[in-house]
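The values are calculated or read from the model by the stated rules, or taken from the named source; none is laboratory data. It should be emphasised that the depicted structure is a prediction, and the values quoted were computed from it without experimental measurement. Neighbour counts are summed over all protein chains in view; Cβ atoms, including those assigned to glycine, are modelled from backbone coordinates with ideal geometry. For accessibility, only protein heavy atoms count, side chains too; no ligands or nucleic acids. Shrake-Rupley method; radii C 1.70, N 1.55, O 1.52, S 1.80 Å.
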Amino acid sequence: FLAHHAALGLGGILADDMGLGKTVQTLAWLLHLAETRAPDAGPLRALVVCPKSVTHGWLVETERFAPTLNAKLFDPLRLGPGSGAQSAPLNAHLLVANYTQLRLHASWFQAQPWDAVVLDEGQFIKNPGSQVATVARSLPGRHRLVLTGTPIENRLTDLWSLFAFAQPGLLGPQAAFRRHYTAVNPETHARLHRRVRHFLLRRTKAQAAPELPSRTEDDLVVELE
């Protein structure tokens, strides 16, 4: 799915259930991009934007499953005066930054020639009017990928915002999208599914890993002092 879209120059959303290995699948895709590059294209330059709580996880997973990719955390302290394009580590195949850093240092990220831009936990840009969503849409990237277990959390506009980054123009302008796709009309759900089904891959644990046990939930009641 990911390699096919990359070959066609299209973006997409990988919306598998949590626990099915979206990170590992993405690393395999980045390895594929690195191995299929033209000899004179230079090394792969990919950006992963994710919540701060999982930035270290990307480094650990990359070292474990894709050791040939040099992954580094974005360090704003290395941005010198003017925050020029050459003031941060450029020898990393994979640069990992969090959403707050993306918003605060937008001009630097926008100035970089990214081969691939990956938004992990893509629901962080579900509000299309937020500053972080606006910056994400402006990033120059040949390949764009969104990872999320919840492509729609509260309203259909969440999905519009994800595709405004991954495949701009697919769902039209936001105002037209609101008119054509309403949550109260079930017919619009079928039309929306037909529009996005080639660009969004969503698999449940039952589909992709039926051998996994069912989820166990524990309710813990905590009395606040």
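Brief remarks on what is shown
- Cβ-Cβ under 8 Å pairs, at least 6 apart or on other chains, the stretch 69-80 side part of a helix (DSSP H, G or I), far side open to solvent by less than 60 Å² (accessible area, probe 1.4 Å): Pro76/Gln101; Pro76/His105; Arg78/Ser87; Arg78/Ala88; Arg78/Pro89
- Residues of the stretch 6-20 classified as surrounded by fewer than 15 Cβ atoms within 10 Å (Cβ to Cβ) and in contact (Cβ under 8 Å) with a residue 40 or more places away in the chain, total: 3
- Residue satisfying all of: in the stretch 111-124; more than 16 Å from Gly11 (Cα to Cα) and assigned to a helix (DSSP H, G or I); least open to solvent (accessible area, probe 1.4 Å) among these: Gln123
- Of all residues in the stretch 24-52, those being part of a helix (DSSP H, G or I), under 15 Å from the mean Cα position of the chain (by Cα) and surrounded by fewer than 19 Cβ atoms within 10 Å (Cβ to Cβ) number 4.
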